[in-house]
């Protein structure tokens, strides 16, 4: 019996390794695209990240999803099948649908984390600059203005304040407090203190708190196009409804918010709702 149990130990990490390889491969493509860049200065508006060749579009941004088709392996059914959308500035768009319908894949494509088989995502700024999401310097420029909570939440072995400052090092205490309030962390942060050290394995916080720390970081960054993938997934219904209400109550201005969720509660305040089924847009309206 013990020999049988031990025999499976070496192969147990392989499924997770295969999943991580998909994300790592996309990150490697982006790193290769920017490896030759030697910027002279940092762009303070992008959270202190080095500037890359090709400035990001300025002002309000319009996102066009053009005949987007994504297939994770040859011969498999497409995760997204010819999706076409226009996401205009100042709109709050909720993306809903059953599990496996392609919601997270759509958000990954918007963030440039997923490679399209056909079609793509084009970001156009008020200055008329049009850039395509994807790998390389052009994709990096897009990610400066179209980003948010799009991957598994992660915290670093640093204080809560420092974990949030990764998004915007120049943010003042009032802006940090506002981001914590939107994520529903004001009481917890006040009790534990902003200088409480969070362990990088997430062991010092619950799953719901970890999710909301990542959400507060995305809110503090406040990009032109804010992407949120299941920001209330690990929360109880009452807390999730509160976070949803606060997010949708924020003044939109020129910010576009794309929100992937499986919960319909509270989405009446959204400007648009996109329904995905089997990789296709089947409904689009209010």
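With respect to being under 19 Å from the mean Cα position of the chain (by Cα), part of a loop (DSSP other than H, G, I, E, B) and either surrounded by 16 or more Cβ atoms within 10 Å (Cβ to Cβ) or modelled with pLDDT of 95 or more (or both), residue 134 fits the description. The residue pairs whose first member lies in the range 151-168 and is in contact (Cβ under 8 Å) with a residue 60 or more places away in the chain, whose second member is in a loop (DSSP other than H, G, I, E, B), and whose beta carbons are closer than 7 Å, counting only pairs six or more residues apart or on different chains, are 166/47; 167/47; 168/47. With the requirement that a residue be under 21 Å from the mean Cα position of the chain (by Cα) and under 23 Å from residue 92 (Cβ atoms), what does the range 178-207 give you? Answer for the range 178-207, where residues must be under 21 Å from the mean Cα position of the chain (by Cα) and under 23 Å from residue 92 (Cβ atoms): 178, 179, 180, 181, 182, 183, 184, 185.
Take residue 116 and tell me if it is in contact with a strand residue (DSSP E or B) (Cβ under 9 Å, 6 or more places away or on another chain) and modelled with pLDDT of 85 or more. Lay out the reasoning, then the answer.
Numbers: in contact with a strand residue (DSSP E or B) (Cβ under 9 Å, 6 or more places away or on another chain): yes; modelled with pLDDT of 85 or more: yes.
So residue 116 passes the test.
Counting only residues that are in a strand (DSSP E or B), without any contact (Cβ under 8 Å) to a residue 60 or more places away in the chain and under 18 Å from residue 30 (Cα atoms), the range 115-131 holds 3 of them. Residues of the range 32-52 that are modelled with pLDDT of 60 or more and surrounded by 10 or more Cβ atoms within 10 Å (Cβ to Cβ): 32, 33, 34. In the set (1) over 21 Å from residue 167 (Cα atoms); (2) without any contact (Cβ under 8 Å) to a residue 60 or more places away in the chain; (3) not in a strand (DSSP E or B), the condition left unmet by residue 283 is number (3).
The values are calculated or read from the model by the stated rules, or taken from the named source; none is laboratory data. The model shown is predicted, which means the values in this text are computed figures rather than measured ones. Quick reminder, even Gly has a Cβ in these numbers, built from the backbone with ideal geometry, and neighbours come from all protein chains shown.
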